[in-house]
Amino acid sequence: MWLMLVAQPLMWIVFFGNSLAGLPRGFLAQYFGVENYLAYMIPGMISISVMTMGMFASMSLVFDKRLGYLKRVLTTPTPKSAVFLAKAAGAMTRGLLMVPVILAVGAVLGVGYRVNPASMAMWALGLVLAGLGFSALFTIFTVNTSDVHAPGVINNFITMPLMFTSTALFPKEFFPQWLRVISDFNPLTYITELGRNALVYGMPPDIKALLAIAAFAAVTITVGVAVVEARLEAD
Amino acid sequence: MSAIVVENLAKRYGDVEALRGISFEVSRGEVFGLLGPNGAGKTTTIKILTGLTKPTSGRAIVAGFDVVKEAAEVKRSIGWIASEVIVDDELTGWENLEIQARLAGVKNWRERAAELLRYFGLAEAANRLVGKYSTGMRKRLEVAMALLHGPEILFMDEPTVGLDVGARMGLWEVIRQINKDFGVTVLLTTHYMEEAEELCGRIAIINKGRLVAVGTPGELKAKYGVDVVELEVSKPVDPSKLSPFGEVVVLDGRVVVKTQRAEEKLADIVKAVDGIKSVRVKKASLDTVFINLTGASIEGEHADIKRLYARVRWARR
Ligand SMILES: Nc1ncnc2c1ncn2[C@@H]1O[C@H](COP(=O)(O)OP(=O)(O)OP(=O)(O)O)[C@@H](O)[C@H]1O
Ligand SMILES: [Mg+2]
């Protein structure tokens, strides 16, 4: 299980990450801000991993329903929202565990990081918030179902568009106007840019990006708590 | 003061009317049994009383609190045991108790947990994964988890299903003890009449979402108990010959007469029928009360399954 989870970003990095290696260095520097596409991609890959891991929140809740365990929980005074927040925190933790793995892979493949400590701290906070936010988002969509396939379907349905409408893999300069607009509303863009500042460009923290992520997390968690309190059933 | 008050409780799942307005009361310190055939609405009643699902209409008060408006207070006062054992297989017995303690908000749980594990003979297995426990051990762990926060009222949905004779009697003893020594009110469901008779001060029988009788086992037997005379016959019987003795159900090869004081009428019944191969008499018991009140479904289904199976066999060809 863990091997598979780690294998996925690794394959992205190794195969996709090297697909632009043949581009002229000048072009890379101009459009990606660094001469190595791998370096550009690693923060994006981390964002994508943290997002994808959010699926485990909704999956865990569906399984708790299936196994009847949610009944055990909901016959105690523990509020439904606590269950929801715990699932989100759990999935966020899984997501964060991927961060050092991906960073290490990058280092092994020769990526030199230009670290800015203040930005790193801000990025770490951003990853926690984004992890919670994405976990909440997935869980909102599966709150009414006990179908174990639903989280996977929802995951594809949400992560694919978010991934390709963000700057996780390519810079905004490549995008047509409409895609740029979407990208500006995409939380994945902000958490990726925070990471690039901290790790690749060595730039000071971008408070606005952090605020955008905080807003995303606040909205998804607030909506999630309300939806779960109103709609979550034990089976 | 009553531990449980149920007023006109109804629950609808889409087209299914699981409960069609039931009312009953359970006093503090009682062991109350909920009996009824499969699908009668027993589990649904427990789900409403434990706050797992909301009633469509009607009202229920548990431990003095409204199950809809004051669900959190209700949940603080109750313990619950599912008919399917629900524990976390990937954790040890001890960890299961710890989670339960945290969910229930019990602070000094360690001592009590250790004591409960000892009481239920699980002390040795405390640090083993629950996935490797036997059914009986899992059930005992579940009971320990339900008692950890010292509930006033305990809901047990088919508590002894799947237990061997010894384990079943052991659990009966536990139920009696916690009821007697700590005054815990128990509401349990069961399909075993013997168990209901053994444990319950009072019993409610529900059928198809309706309450059909409430009372002590003795009262129910006196009021609804019928003697059942079952005749095995070699040729068809004219039911009108038997109807003076009581209600008659004719099946192929068998006739069932529901009557009172069967021993006095037995000679006349036997005389009225030709070609009797065997006679069986069942005196009034909770079993016959149950069959009487919930319909003689067992006999009815018997004939249907023969026909159904014949069709299935035919379809296979
Ligand atoms: N979640 C649900 N959705 C739809 N129908 C349900 C649901 N839960 C129960 N029912 C229906 O409500 C009726 C009562 O079910 P319930 O589980 O309360 O019966 P029961 O008396 O506990 O039966 P058993 O002895 O088999 O456990 C049944 O017809 C059942 O199919
Ligand atoms: Mg049931």
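For the pair A:ALA82 and A:TYR31, a Förster radius of 51 Å applied to the C-beta separation gives a FRET efficiency near 0.65, rounded to the nearest 0.05.
Placing one equal scatterer on every Cα of the range B:1-116 and applying the Debye formula, the log10 ratio I(q)/I(0) at q = 0.12, 0.14, 0.17 Å⁻¹ is -0.53, -0.70, -0.95. Cross-link reach is defined here as a Cα-Cα straight distance under 19 Å, omitting same-chain residues fewer than 8 places apart; for A:LYS87 the lysines meeting it are A:LYS65, A:LYS71.
What the range B:161-255 shows is 48 Å² of accessible area per residue, with the surface traced by a 1.4 Å probe over protein heavy atoms.
What is the antiparallel percent of DSSP beta bridges lying wholly in the protein assembly as shown, to the nearest 5?
Counting only bridges with both partners in the protein assembly as shown, antiparallel ones make up about 70 percent.
The aspartates and glutamates within cross-link reach of B:LYS282, meaning a Cα-to-Cα straight distance under 16 Å and a gap of 8 or more places when in the same chain, are B:GLU194, B:ASP227, B:GLU230, B:GLU232, B:GLU247, B:GLU263, B:GLU264, B:GLU299.
What is the Cα radius of gyration of the range A:71-230 over 2.2 N^0.38 Å, N being its residue count? Don't jump to the answer; show the numbers that get you there.
On the way: Rg = 17.2 Å, N = 160, 2.2 N^0.38 = 15.1 Å.
Expressed relative to 2.2 N^0.38 Å, the Cα Rg reads 1.14.
Annotation note: chymotrypsin sites (Phe, Trp or Tyr not before Pro) in the range A:116-191 located in DSSP loop regions with a Cβ neighbour count of at most 15 within 10 Å are A:PHE185.
Dimensions of the range A:1-130 based on its C-alpha atoms, expressed as ranges along the principal axes with the largest first, amount to 63, 32, 22 Å. If R₀ is 41 angstrom, what is the calculated FRET efficiency for the pair A:VAL101 and B:ASP181, using the beta carbon separation as r and rounding to 0.05? In this case the efficiency is close to 0.15.
Using the alpha-carbon positions of the protein assembly as shown, Rg (one decimal) and Dmax (whole number) come out as 32.2, 112 Å. Buried surface between chains B and A: roughly 1500 Å² of accessible area, summed over both sides, computed with a 1.4 Å probe on protein heavy atoms only.
Taking the Kirkwood radius as Rh and the Cα radius of gyration as Rg, chain B has a ratio of Rg/Rh equal to 1.06. On the principal axes of its alpha carbon atoms, the range A:125-217 extends 45, 30, 20 Å, with the longest extent given first. Cross-link partners of B:LYS11 among lysines, defined as those whose alpha carbon lies under 16 angstrom from its own and excluding same-chain residues fewer than eight positions apart: B:LYS42, B:LYS47, B:LYS54, B:LYS208.
With the simple spin-label model, which puts each label point 7 Å out from Cα in the Cβ direction, the A:ALA118 to B:GLU219 separation comes to 7.9 nm.
Given the range B:232-289, report the % of alpha carbon pairs whose separation exceeds 17 Å.
Working: 549 of 1653 pairs.
Result for the distance tail: 33 percent.
The separation of the range A:50-110 from the range A:135-176, counted between C-alpha centres, amounts to 16 Å. Between amide H atoms placed 1.01 Å from N, distances below 5 Å from B:ARG20 occur with B:LYS11, B:ARG210, all of them 5 or more places distant or on a separate chain. Considering only protein heavy atoms and a 1.4 Å probe, what is the carbon-and-sulfur percentage of the accessible area of the protein assembly as shown? Of all accessible area on the protein assembly as shown, carbon and sulfur atoms account for 58 percent. Panel note: contact residues of the range A:62-78 (accessible area lowered by at least 10 Å² against the chain on its own; 1.4 Å probe) correspond to A:LEU67, A:GLY68, A:TYR69, A:LYS71, A:ARG72, A:VAL73, A:LEU74, A:THR75, A:THR76, A:PRO77, A:THR78. Using R0 = 56 Å, the C-beta based FRET efficiency linking B:LYS277 and A:LEU10 works out to 0.15.
Could you tell me what fraction of 2.2 N^0.38 Å the Cα radius of gyration of the range B:125-176 comes to, as a two-decimal ratio? Walk me through the numbers on the way to the answer.
On the way: Rg = 11.5 Å, N = 52, 2.2 N^0.38 = 9.9 Å.
In units of the globular-protein estimate, the range B:125-176 measures up at 1.16.
Restricting the calculation to Cα atoms, the range B:1-52 yields a radius of gyration followed by a Dmax of 11.6, 37 Å. The phi-based Karplus calculation (6.51 cos²θ - 1.76 cosθ + 1.60; θ = phi - 60°) puts the 3J(HN,Hα) values of the range B:100-116 at 4, 4, 5, 4, 7, x, 8, 7, 8, 8, 4, 4, 5, 5, 4, 5, 5 Hz, whole numbers, x for Gly and Pro.
Please report how far the C-alpha centroid of the range B:236-285 lies from that of the range B:1-60, rounded to the nearest whole angstrom. Here the two parts' Cα centres lie 38 Å apart.
In the range B:66-110, the residues that give up 50 Å² or more of accessible area when the other protein chains are added, compared with the chain on its own (1.4 Å probe), are B:LYS75, B:TRP80, B:ILE86, B:LEU103.
The values are calculated or read from the model by the stated rules, or taken from the named source; none is laboratory data. Owing to the predicted nature of the structure, the values given are computational and were not obtained by experimental measurement. Backbone-built Cβ (ideal geometry, glycine too); neighbour counts: all protein chains shown. We work out accessible area using only protein heavy atoms, side chains counted, and drop any ligands, DNA or RNA first. Shrake-Rupley method; radii C 1.70, N 1.55, O 1.52, S 1.80 Å.
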